[in-house]
Amino acid sequence: MSLALILDIVSWLLLSAGGVFVFIGGLGALRMPDLYTRMHAASVTDTIGPALIIVGIILQSGFTLASVKLVAILLFLLLTGPTASNALASASLLAGYRPEYARALTEEERQ
Amino acid sequence: MKPDRFHSPHARMATLFVTLVIAWLLWSGIFMPLLLALGLFSCVVTFLLVRRMGFFDNDFFALRFSRKLFMYWIWLSREVFYSSLQVARVVLDPALPIDPRTIEIKSDSGHLVDQVILANSITLTPGTLALDLHQGIIKVHSLTEAGAQDLLSGEMNRRVDALREG
């Protein structure tokens, strides 16, 4: 088996796995009961989905300038994603939308 | 606060300028004199603007690259991977076994940049979401009890606090 074929297979697996995670994130956003739990599902789409997809594309482009840009895109996505999530979460908290499904961890549950 | 090699304004200025120039060169990949001059010009303008904004004077300078930071990113990637699998399992379970909790985490580090790194790492990890950061206390929403317990074990907190040393 040639190296190019192995790279193609690994990259194909990574791209597919990324697509599956993006789909699961979307499915979770539909199934969850409230905003905060939906954001947990959406963060699968935000983090591991694009990470796997971009690493898959990097394997296709090899050691080129395009790969450097792809790494930069991934880095910016991972650095700015949580900022947007925090802005959304605190805006909804400030608007008085309580995480009603969540309860505080009780003292007994703390290990 | 521990002084480090990014404490002096000149080291900070040099770090930012070099980062900007490298970014321009890598983004364009075209080395014509006109484009290089334009790149240098935009780097200088950006540099002057952020200097006017007080980027180098206050203690919010976040462009600290070190071997430790890369080790932390690798550790965080592993955490993101495993918690993604856990959240995926919850989503795909027909019963949707969620058990959301809210907890408060006190940051081990007194530095604002470290606290932001910790809060963003918590949000980046699927299954835990930082709701609010105020005076070093991070309010966290967790999808499951296990996720809350994992955060309370304090490993992420310790690792972020250790970033600033060396």
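Some points to look at:
- Single match in B:Ile103, B:Ile117 (criterion: assigned to a strand (DSSP E or B) and among the β-branched types (Val, Ile, Thr)): B:Ile103
- Any hit, the stretch B:48-71, residues being at pLDDT below 90, basic (Lys, Arg), within 26 Å of B:His10 (Cα to Cα) and loosely packed, with under 13 Cβ neighbours inside 10 Å: yes
- For the residues A:Ala41, A:Ala89, the requirement of being facing another protein chain (nearest Cβ under 9 Å), buried (at least 20 other Cβ atoms within 10 Å of the Cβ), small (Gly, Ala, Ser) and within 11 Å of the chain's Cα centre (by Cα) singles out A:Ala41.
- If you filter the stretch A:60-81 down to residues that are at the interface with chain B (Cβ under 10 Å from one of its Cβ atoms) and in contact (Cβ under 8 Å) with a residue 12 or more places away in the chain, you find that the one that is farthest from the chain's Cα centre (by Cα) is A:Val71.
The values are calculated or read from the model by the stated rules, or taken from the named source; none is laboratory data. Everything numeric in this text was worked out from a predicted model, so none of it was measured. Using ideal geometry, Cβ is built from the backbone for each residue, glycine included, and neighbour counts are taken over all protein chains shown.
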